[in-house]
Amino acid sequence: MTELVFQQCLNPQCSGTASLADTAFRCARCGGLLDVAYDWDRLPIPKTLKHFEGKWANRTNPLDFSGVWRFRELLPFAPDDAIITVGEGQTLCQRADAVAAYAGLKPGRLFLQYEGMNPSGSFKDNGMSAAFTHARMTGATRAACASTGNTSASLAIYCAATQLMRGIIFIGSGKISFGKLSQALEHGALTLQIQGDFDDALRRVQEVSRQLGIYLVNSVNPFRLEGQKTIMYRVLEALRWEVPDWIVVPGGNLGNVSSFAKAFSELVELGLISRVPRLAVINATGADTFHRLYNEHHLRWNGGRFDQSKIDSYYASLDANNRKADTLASAIEISRPVNLPKALRALDCCNGVVRAVPDAEILDAKAKIGAGGLGCEPASAASVAGLRTLVREGVIDKDERVVCILTGHVLKDADETVAYHSTDPATSAKLTTRGVKQVAFANRAVQVPNDLAAIVKIIELNG
Ligand code: F0G
């Protein structure tokens, strides 16, 4: 008899499996990525999604309070007493008409899923609480990640808040925003700033974790993705369990898109929804591996027989031309997305599309999102910039119901926000030196003499 919960190779041609407790996070037969798999027939599954509404009445139980674990029947890999929560997932799905108008959608058609409300300020806490729970189940005492900043901030708070593990963080030099670096330092993680970028750091951390037996919490870890499925459960909950037409998400290491498709395909399998939404993944043009491989090299999932040689030769050409990821959306400044095969499967499952948007459009979209009332970091705004592109192209209709995922909080990268709104050349140099010469929606600070009449005059003119 199979185990109730196990890990399974994502490649349908390979029958590789691993036990629940295995922490290699690679198929021992073929080296491919793993999924967390469940024998659903032998697990207690709610009859309808409305079941989860009942959890709200029980908010004094930390597991029902958590926006991840109140859906624990849908990620049933841990007994209740093993679950670790710091109150993640108390997030908001807000109707956003002003942003809809900017993107070209009709009023009432756009919702922003604001994951900046998590304890560490990004969606990463959804996955971290799941990975951390699994880490503890396996007896780990140290956990490591490579990060563009948010994964590391999240790992640092789970280590600090629970005192259960030592957090070890690999970051590329000069690549991380101060907001995120400050979190890693403040929460006491061992922070290793290595020469190189995120792609280099991710390679190293996998090597080091294997050598030292340290638990790895990057999204190659399939338990991370189990936690991130719950972002979609909360979207459905906010829409009264109606499936939207589109989910639009920024693409970096491609963990989110992979987990979202898993969430929806499992819900269909369990008879809890009847259709899946379409998925749109948005790269920054300076870090557009997925876009290029999908749209220019026509790489497809192809039932698991995707053409690895296309990926290998694309990476070889990046190396040959010494082309590194380069975008102001630093969270998604990634050239070698570790979940690429899973993301191909996700697009196949949810009739997905990929686009790449330039930094200037990302920053303009970010300003519009902020003016609409929810502050996000640049990478998050790629979702809205991508939506605007897709509406302009006619791929998304102005009548369709769309949810854009705002993955991280505006305070994660205050420098870029101030640079966007500033007239001071030294301050805005952060953007101009990276190719963003003009911005459309700057809200300039007004310089006023310290004089009552002058102040009054300015307010009367502008207020
Ligand atoms: N948005 C933000 C704010 C992120 O921090 C990340 C990834 C993404 C989007 C991309 O998500 O990898 O699931 O496609 N940040 C990682 C980190 C890489 O280290 O914090 P993805």
Check your understanding: Rounded to the nearest 0.05, what FRET efficiency do ALA414 and ASP81 have when you use their Cβ-Cβ distance and R0 = 56 Å?
Key -> 0.90
Point to revise | Å² of accessible area per residue within the chain, as computed with a 1.4 Å probe and no ligands counted | key: 41
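Would you calculate, for the chain, the mean residue ellipticity at 222 nm contributed by helices, counting each DSSP H stretch of 4 or more residues as -39,500 (n - 2.57) and dividing by all residues, to the nearest 500?
Working: 15 runs with 172 residues, N = 463.
Calculated at 222 nm, the ellipticity per residue is -11500 deg cm²/dmol.
Work out the FRET efficiency for GLU269 and HIS51 from their Cβ-Cβ distance, taking R0 = 22 Å, and round it to the nearest 0.05. Don't jump to the answer; show the numbers that get you there.
Details: r = 17 Å, r/R0 = 0.76.
Efficiency, from the Cβ-Cβ distance: 0.85.
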Revision key, fill the gap. The ³J(HN,Hα) series, computed from each phi in segment 251-261 with the Karplus coefficients 6.51, -1.76 and 1.60 at θ = phi - 60°, rounded to the nearest Hz and given as x for glycine or proline, is x, x, 7, 6, x, 4, 4, 5, 6, 5, 5
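Go through SER313, SER274 and list them by solvent-accessible area, largest first, probe radius 1.4 Å.
Numbers: SER313 70, SER274 115 Å².
Descending accessible area places them as SER274, SER313.
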Study note, to complete from the structure: With all protein chains in place and a 1.4 Å probe, HIS291 shows an accessible area in Å² (nearest 10) of 40
Review point. Can you give the relative contact order of the chain as a percent, counting alpha carbon pairs under 8 Å and 6+ residues apart?
Key: 16
Practice item. Determine the percent antiparallel among the DSSP beta bridges restricted to segment 86-185, to the nearest 5. Key: 40
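Using the crude model of +1 on Lys and Arg Cβ and -1 on Asp and Glu Cβ, and no other charge, please compute the dipole size for segment 264-386 relative to its Cα centre, in debye to 20. The partial results should precede the final answer.
Working: 14 positive and 14 negative charges, 55 e Å.
Charge dipole of segment 264-386: 260 debye, to the nearest 20.
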Study note, to complete from the structure: Filtered hits (aspartates and glutamates, Cα-Cα < 15 Å from LYS124, offset >= 8 within chain) -> GLU88, GLU115, GLU226, GLU377
Point to revise | Label point at LEU164 placed 7 Å out along Cα→Cβ; residues across segment 24-66 whose backbone nitrogen lies under 14 Å | key: 62-63
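Nearest 0.05, what FRET efficiency do TRP40 and ALA453 give at R0 = 56 Å with Cβ-Cβ as r?
The formula returns an efficiency of 0.15 here.
From largest accessible area down, sort ARG234, ARG203, ARG401; use a 1.4 Å probe on the protein chains.
Numbers: ARG234 10, ARG203 120, ARG401 40 Å².
Descending order: ARG203, ARG401, ARG234.
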Practice item. Using the charge dipole of the chain (Lys, Arg: +1 at Cβ; Asp, Glu: -1 at Cβ; taken about the Cα centre), state which of ILE45, LEU374, PHE111 has its Cα farthest towards the positive end. Key: ILE45
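Out of the total accessible area of segment 245-305 (probe 1.4 Å, heavy atoms of protein only), what percent is carbon and sulfur?
Values: 800 of 1860 Å².
Its accessible area is 43 percent carbon and sulfur atoms.
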Point to revise | Which listed pairs, of LYS368/LYS457; LYS366/LYS430; LYS368/LYS437; LYS229/LYS368; LYS398/LYS437; LYS175/LYS324, have C-alpha distances above 21 Å, in listed order | key: LYS368/LYS457; LYS229/LYS368; LYS398/LYS437
Exercise for review: Run the 1.4 Å probe and let me know the accessible area of LYS437, rounded to the nearest 10 Å².
Suggested key: 150
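Of the accessible area of segment 77-193, with the probe set at 1.4 angstrom, what percent is carbon plus sulfur? Don't jump to the answer; show the numbers that get you there.
Working: 2060 of 3960 Å².
Carbon plus sulfur share of accessible area: 52 percent.
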Point to revise | Shape call, segment 317-365: gyration tensor on alpha carbons, a/c limit 1.5 | key: oblate
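The values are calculated or read from the model by the stated rules, or taken from the named source; none is laboratory data. Note that the structure is a prediction, hence the values are computed from the model and not measured. With ideal geometry, Cβ positions are generated from the backbone for all residues, glycine too; neighbour counts draw on all protein chains shown. Ligands, DNA and RNA are stripped out before the accessible areas are found, and what is left, the full protein with its side chains, is counted by its heavy atoms. Shrake-Rupley method; radii C 1.70, N 1.55, O 1.52, S 1.80 Å.
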